[in-house]
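Colleague: Got a structure for you, questions after.
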Amino acid sequence: MNTCISDKEDLGTKSHNKRRLNRLQKRRNIRKVRILTSRLRVFTRIIFLIVIVWVFLKVINLSYWYLDENIFTVYPNRYLELEGNKIISNKQIMEKLQGITLPKKPLYLIDTTPIEEKLLKMAPVKKVFVRRYWLPARLRIVIDENTPVLSIVPTQKAEPVAVFTKDGTTVKVLGKKYLPLPNGYHTYKVITYDDYKSWKPVLIPYIEKLAIFLESVTADKLVYIDIRNPDDVYIQMKNIRLRIGALKGKEVFKRIEKVASVIPEAMKIKETINYIDLRWNNVSIKLKKKDEEPLIKDESTPAAH
């Protein structure tokens, strides 16, 4: 009987050991699969990273990133776009930029500062924005121009010889090469023989403010301000003429303000009025006479006052 029991114990032990070995073998197999899978993932990631780097290098070195070296020679061309310039012509912009040589670098590495600095030297230019675009590689130059406010003319019917612009505290003068202004710009006409280039910058906003005030008080459109004689200034509105004397600070505005009280009656007889005199304390109306010579005989000569 003892022998039978011993044989049964041996069989049980062997069966237990076999099951244990099977479990261990399964664990080893699972571990091997996990290790293989982990290594495969790492390898795949490395390959994927290499492919990404290769594609990136290919993309950044494509010819589509490069601008033509003659981009500033002829316009229009596929590498350059100009926007916002109305006073300045495309030809003038190209002439200004012809001296710039772009480096043989991809578009995203090109420094656009020299382009901005060149264009900012042009009198009408207020701001410059240079934007880069791809497919195809090109530059878009957006120009923000100064606002014209005063036109300088030697006579009433003459074309402007210069235009003053004003934006904030900045005043610039535009010469003949930027004239005539394109349609859509409104400026106040100033008749003068004076050397306008020597005018102090504060005079420009002063005259602009005066023009706006005149139109507000008279409810009429300003035609021109005649300052050929700075001590005896004439204002021609659409329907009436004013004589305001010398331009002296705020005093002029006080004199002009007085015309509001006579405008309604003056408009009724405007055909017979030569001018409204605002030089003195009392407002007086100067009527036309049949044999009286006009205040401005000839637009090519100074007014007779």
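Colleague: Residue check, P136 against (1) closer than 30 Å to F56 by Cα; (2) touching a residue at least 24 places away in the same chain (Cβ under 8 Å); (3) surrounded by fewer than 14 Cβ atoms within 10 Å (Cβ to Cβ), all met but one. Which one?
Modeller: Result: P136 fails condition (3) only.
Colleague: Turning to a different aspect of this structure: Given (1) farther than 21 Å from L210 by Cα; (2) touching a residue at least 24 places away in the same chain (Cβ under 8 Å), where does K288 come up short, assuming only one miss?
Modeller: (2)
Colleague: Can you say whether I115 is aliphatic (A, V, I, L, M) and part of a helix (DSSP H, G or I), as far as the supplied structure shows?
Modeller: For I115, the condition - aliphatic (A, V, I, L, M) and part of a helix (DSSP H, G or I) - is met.
Colleague: Can you tell me which of I110, I152, I93, I71 is β-branched (V, I, T), surrounded by 16 or more Cβ atoms within 10 Å (Cβ to Cβ) and touching a residue at least 60 places away in the same chain (Cβ under 8 Å)?
Modeller: Answer to the selection: I71.
Read the figures in this text as sums done on the coordinates, not as results from a lab. Remember, predicted model here, so these are calculated numbers, not experimental data. Reconstructed Cβ throughout: ideal geometry from the backbone, glycine too, with neighbour counts over all protein chains shown.
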